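Below: the structure, in structure tokens.
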Amino acid sequence: AITVFVARILSPDDYGLFGMAALLTSFLVMFNELGLGQAIIQKKDLTKEQLSSCFWIIMAINIFLYFIAFISAPLVASFFHEERLIPIIRVAATSVVIGGLYKIPYSLLTKELMFNKRSIVDFVSRLCGGVSTLLLAIFGYGVWSLVYGLILWDLIKLILLYIFVGWYPEKFFSYQTIRSMISFGYKATGSGILWHFYSNSDYLIAGKFLGKTSLGYYSLAFQLASLPNEKLISLIGQVVFPLFSKIQDDEITLRNYFLKIVKFTAFIVFPIFTGMYLVAELAIVLLLSKKWIPMILPFKILCLIAALRAINAFNSRLVYATGHPGIAFSNTAICTLIMPLGFLIGSKYGLEGLSYAWLFLFPIVFLITTKRSISIIDLSLLEYFRNLVPPIIATFFMFLTVQSAKFLLSNYYNEIFQLVFYCSIGLFSYIGFISIFFKPLLLEIRNFILLH
């Protein structure tokens, strides 16, 4: 809701500037822990000395990264021909240092499956950051409302994590105590660097060749299409990683858990993204205003791809939890070889071409990387997709129902009524179909959630 209100106030140029600055800061975040956060979660036995050593090396890295951001800001501004980026980058980069400060306690909460406390931290920090962004936007701060909101979000998160965890670093550092963890972390970091390059190459290409206004449209389209994944799937994924780590030695149990989680996630996200696709034209104009009409087609395409991205996220959790960061690295390398080239070619046809690159290429990448990941647990692609048949059928039924309603009602009622009606009939048709034809699966999902 806050995102919608902020988007109504700010301009596409504001989002474009923030997206350009985020290209550098989010890249630096890839280095801000050297994969030690994941190593902490994956490692079964940890000592106080190891945790303190991890903290001090992470802090040294983050201070160095801020220095890099500070001196490279003019270069980034020159690349995009936008001098206003210099102060934006230098201020926004402080969030990199703040993120390094809370990396250890955040990883400890995740490792111990203390998601009740982590949920409070995430909710309060997101709420404070979002409200501050909205207020600053209302008072005319423009792009700076996004920057300051991000920093406040991280500061609140930092404070709450240390209160809840009660862990503080000691005056101790030994490289030898964390040598094996750093070895694990290097591979995770290498994969993260490649992932960052491919996942942000669309922003980079849009900003360079299409300009900040087009990047603003694309940036918000991507942000909105990613909201369900950011607010839901990222949390599920963070639960899944320590869960998989604890059962990594039991292949049969791990395979069963993996299949169930992928299927249950598909039951949630497939109808959400399909519904977003179906009501995009109405919703964007009504909620964001007509100035955002150029983002409708990119948003619809990205919604379709976001459904695959949601279940694809569990592949990396699986390979990291089983101690195979090398597979994650090579999977990301495949993405890096294919996707940026597609974005570059697609950008020659404008914003739509850039978006179609996702539609044509990501399904191919998804098939390749999924096959390589699930081979760890002796799972075939046929079994994987057979597991997804129920949510696909139910979602397709919902799609036909809403499309039929759109065909019958689009010329007879106002836009607000249509939007509410399409959302309602989509929801009820989906739940009704599952209740009639897949009732045992509903009970299975309920029991699984209550158990875990």
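The values are calculated or read from the model by the stated rules, or taken from the named source; none is laboratory data. Owing to the predicted nature of the structure, the values given are computational and were not obtained by experimental measurement. Reconstructed Cβ throughout: ideal geometry from the backbone, glycine too, with neighbour counts over all protein chains shown. When the accessible area is computed, the model is the full protein with side chains, heavy atoms only, and any ligands, DNA or RNA have been set aside. Shrake-Rupley method; radii C 1.70, N 1.55, O 1.52, S 1.80 Å.
Across the protein chains, with a 1.4 Å probe defining accessible surface, the residues Trp153, Trp56, Trp195, Trp358 rank Trp195, Trp56, Trp153, Trp358 from largest area downward. Across the cross-link table entries Lys260/Lys406; Lys263/Lys300; Lys300/Lys406, which are compared at the Cα atoms, the separations over 26 Å belong to Lys260/Lys406. Taking 28 Å as the straight-line reach from the Cα of Lys171, the lysines in range (excluding those fewer than 8 positions away in the same chain) are Lys43, Lys44, Lys48, Lys103, Lys111, Lys117, Lys157, Lys187.
Cα centroids of region 54-83 and region 141-176: 18 Å apart. Straight-line cross-link partners of Lys348 among the lysines, defined as a Cα under 19 Å from its Cα and at least 8 positions apart when in the same chain: Lys208, Lys212.
Helices meeting the span-like rule in the chain (full DSSP H runs, Cα extent of at least 20 Å along the helix axis, mean Kyte-Doolittle score of -0.5 or higher): 12-29, 48-80, 115-138, 143-165, 179-205, 212-228, 251-278, 296-321, 325-347, 350-374, 389-409, 415-437. Rounded if a/c is under 1.5, else prolate if a/b is larger than b/c, else oblate: which is region 1-45, with a ≥ b ≥ c the root eigenvalues of its Cα gyration tensor? Oblate, because a/c is 1.5 or more while a/b does not exceed b/c.
Of the Cα atoms belonging to the chain, the radius of gyration and Dmax stand at 22.2, 72 Å. The Cα trace of region 300-426 gives Rg and Dmax of 18.7, 58 Å, the first to one decimal, the second as a whole number. Its Cα centre serving as origin, the chain has a Cβ charge dipole (Lys and Arg +1, Asp and Glu -1) of approximately 280 debye. When every Cα-Cα distance of region 194-266 is counted in 10 angstrom steps from zero, the calculated P(r) takes the values 17, 32, 26, 18, 8, 0 percent. At a 1.4 Å probe radius, carbon and sulfur cover how many percent of the accessible area of the chain? Heavy-atom surface of the chain belonging to carbon and sulfur, 1.4 Å probe: 70 percent.
The mean accessible area for residues of the chain, using a 1.4 Å probe and ignoring ligands and nucleic acids, is 45 Å² per residue.
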